[in-house]
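These notes are about the structure you will find just below.
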Amino acid sequence: MTAQCSGFDIRLLGNLRITYAGRELPLRSAQRRAVFSALALTPERGLSRDELITAVWGDHPPASATGNLYTYVSALRRMLEPDRDRWSSGRVLTSEGGSYRLHLDADAVDVHRFERLRERSRAPRATGDTAGELAALDAALAQWRGDEALVGVPGPWAAGHRIRLGELYLTTVERQAELMLGLGRGAEVVDRLLALVGRHPARESLYAVAMRALTAQGRTAEALALYATLRDRLVEESGTEPAAAVRQIHEQLSAGTATPARGPGPVPRRHPGFRGRSAALARLRSAVTGLAGGRGGSVWISGEAGIGKSALLAEGLSGAAPLGVQVGWAVGDELAYRMPLSIVLECLSLGNDADGLPASLHACTAGAPPTMTVIDTVQRFVVARCAERPLLLVLDDLQWADDMSLLVWHALHKLTTRLPLLLVSAARPVPAGYEVRLLRRVLPRDGTTLVELGPLDDDTATGLVRAWSRPPGPDPGTTRSLVAAAAGNPYYLRHLVLADRDGRTADTPGPELTDAVSRHLQPLADDTRQLLRAIAFLGNNYLVADLAAVTGKSAPELVPAVEEALAAGVLVEDGRRLRFRHPVLRRVLRGAIPTALRVLMHRQFAQRLAEAGGDLGRVAGQLLAGPVPVDAWVQDWLTTHAAQLGAVAPAPAIAVLRHAVASPGLSAPSRELLTAELARVLHRCGLPAGAEASWVSARTGDAATRAEMSRIAGPGGPSPSVGPAVVGHR
């Protein structure tokens with residue numbers, strides 16, 4: 001194995017730049033840049049000749065593509081190793097078995113440094129180490145020059161990675177900005193955020209953090225104007241309002257709240273046209289009625305992202321205030337400051353009395369009270385409030401709460417048995433730290449009612465499609481398709497309906513639907529998201545061994561990612577297989593990748609499955625999913641396995657053989673062999689095979705094959721002059 005070469009520094013996060021020992025190396029041709037970039041992104045394994053051609057030229061490469069690729073590789077070798085003897089194989093860029101590979105340490109490429117540093121920030125974040133997390137994020141973002149990767153690099157490979165890296169960049173900037181706001185450093189981030197909002201007008205999370213940054217600088221009018229810009233755009237394009245987190249900031253600013261990042265939480269508006277959830281609604285309304293009569297209690301709503309927890313809370317608790325109940329409401333937000341007690345203080349800022357509880361806490365021990373003092377102080381505050389009137393406290397998106405808030409919330413449950421106090425929590429199962437998971441297990445033992453919010457039934461979902469659509473609405477077939485794709489998740493259903501209005505589907509997702517899916521999957525670990533992308537390309541007919549083959553990981557190594565995806569409700573078990581709970585996720589994950597890059601990935605997956613000894617039908621399925629052009633490897637695999645494939649999986653065999661024999665690049669011997677196998681499998685399945693059999697019979701030099709094909713064609717078979725293109729496209 002060739003050793004990894006040191007001294008190189010490869011910059012892809014911005015304009016492509018290569019330096020060796022401090023000296024910049026020239027890359028002139030755009031296509032040469034595309035070849036180098038693709039290799040630099042995969043130093044661990046390299047790419048085949050066909051993969052590189054697809055990466056540079058996509059579905060329709062020029063006839064000269066192979067020759068041009070040799071030219072580009074030769075030029076790259078001269079540039080990378082100018083002193084190399086022309087007859088030596090080289091050390092930096094090598095070729096073997098039709099594949100090319102750059103022998104570079106992963107840390108020589110800024111993309112890999114960025115991803116490693118970004119992943120490193122998860123450990124301090126889990127322990128509440130703000131300084132450690134911010135340091136890791138700063139180091140990750142320092143790898144970027146600008147806010148776009150692979151600038152000026154052509155080809156579908158670069159386009160796909162630009163999308164992926166751009167999403168990671170924006171998410172990292174948002175998180176860094178929130179941490180800096182919490183440290184009073186908003187002036188350092190506000191200009192960058194405003195510039196990004198201008199370049200990404202569909203990204204609501206950017207608006208949220210930019211509005212907070214503006215407000216921290218005393219620029220409230222600009223923050224309100226920014227919200228108006230977002231709202232006008234959404235109403236005009238899709239008839240929707242901004243997300244709850246952005247609306248909350250706007251409402252706080254409009255009310256003149258001094259600290260809009262964590263001000264008193266307004267009771268959210270009821271969702272017009274709310275449907276379904278009758279049992280859960282009855283439980284919440286019964287709890288509110290009991291509270292008005294002096295009886296306390298606790299309810300925990302659990303459900304996956306987008307399943308409708310917030311809408312249920314707004315609908316089910318809407319009758320509290322008219323019954324004379326005090327209401328405190330807070331919404332956890334990953335973008336919010338992770339300061340101790342932040343969400344509880346928001347929830348308990350009742351009647352705009354924002355100073356009472358914080359002042360009491362500050363007075364305890366000069367601003368840093370110990371845990372038990374905090375709990376006692378908050379409990380006394382709540383007891384005093386309950387003595388005035390019954391009190392309803394709601395924490396939505398509890399999975400984002402800080403640890404101190406969770407301890408206090410647990411302690412408050414002890415008061416619900418003797419005070420007119422109703423505590424209502426809502427949280428996703430994933431992501432959730434240890435403290436949230438523990439709280440969810442412990443509270444039901446103390447009397448908390450646990451409500452698991454599952455998918456909407458099809459009738460309710462159909463009613464929502466009609467309510468959200470403009471007249472005359474989609475036809476019944478389209479409605480059924482939308483309902484099936486969302487699989488009971490109203491958030492996805494809403495975005496599918498909006499996409500349908502614009503003439504888009506989940507297979508050609510617009511930015512809003514792509515962003516919706518991306519935001520729900522972003523909290524999952526990187527390994528989990530990579531697993532989901534692999535499953536999206538494999539489809540539903542695969543085994544865990546297939547996942548191991550295409551990801552390069554063993555089955556035990558995949559277990560943590562699988563468990564997280566199952567817990568998050570993204571995947572469900574289906575016998576020995578896994579599938580997406582909501583088909584829209586698979587379609588968006590696959591559809592967000594440019595067509596040429598999708599074809600390339602299916603080609604890679606097919607070869608990896610084959611090399612791992614995977615099921616022949618699943619290999620054929622990957623070749624058909626592209627559909628993958630018939631290159632040298634595909635031709636060789638088909639000629640070797642066509643007979644066996646036709647015996648064990650006739651349906652995919654017929655489809656892939658028809659695709660292959662129609663390919664103009666197929667060699668004459670392979671065309672004859674594969675057409676004969678196509679005739680055989682068609683005949684065994686009772687389908688017309690005369691055209692294929694007659695074509696082979698007129699050309700084969702093998703007497704036994706000629707006799708077999710003549711028998712299949714029959715006495716009334718088509719003329720043997722039928723050409724291969726006609727045969728292939730029947």
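The values are calculated or read from the model by the stated rules, or taken from the named source; none is laboratory data. Note that the structure is a prediction, hence the values are computed from the model and not measured. Virtual Cβ from ideal backbone geometry, glycine too; neighbours counted across all protein chains shown.
L493 meets each of the listed conditions (1) modelled with pLDDT of 85 or more; (2) under 12 Å from the mean Cα position of the chain (by Cα) apart from (2). If the condition is being modelled with pLDDT of 85 or more, surrounded by 15 or more Cβ atoms within 10 Å (Cβ to Cβ) and not hydroxyl-bearing (S, T, Y), then region 469-479 contributes only P474.
Taken over region 446-468, the residue count meeting the criterion of being more than 20 Å from L571 (Cα to Cα), at pLDDT 90 or above, in contact with a helix residue (DSSP H, G or I) (Cβ under 7 Å, 6 or more places away or on another chain) and not hydroxyl-bearing (S, T, Y) is 5.
When A486 is tested against (1) in contact (Cβ under 8 Å) with a residue 24 or more places away in the chain; (2) exposed (fewer than 14 other Cβ atoms within 10 Å of the Cβ), only condition (2) is not met. Filtered by the rule that a residue be under 27 Å from A567 (Cβ atoms), over 31 Å from the mean Cα position of the chain (by Cα) and among the hydroxyl-bearing types (S, T, Y), region 281-315 gives a lone residue, S298. Here the helices (runs of 4 or more DSSP H) wholly within region 498-596 that include at least 2 residues being within 14 Å of the chain's Cα centre (by Cα) and of a type in the set (V, I, T) are 511-521, 526-538, 583-591. The residue that is surrounded by the fewest Cβ atoms within 10 Å (Cβ to Cβ), counting only those in region 365-421 that are of a type outside the set (A, V, I, L, M) and on the phi > 0 side of the Ramachandran plot, is G367.
Among residues belonging to region 316-326 that are crowded, with 20+ Cβ neighbours inside 10 Å and touching a residue at least 40 places away in the same chain (Cβ under 8 Å), point out the one that is nearest to the chain's Cα centre (by Cα). Per the stated criteria, the residue is L317.
Selection over region 133-155 of residues that are in a helix (DSSP H, G or I) and within 23 Å of the chain's Cα centre (by Cα) gives a count of 5.
Would it be correct to say that Y492 is hydroxyl-bearing (S, T, Y), buried (at least 23 other Cβ atoms within 10 Å of the Cβ), outside the structural domain of F605 (by TED's automatic domain parsing) and part of a helix (DSSP H, G or I)? The answer is yes for Y492.
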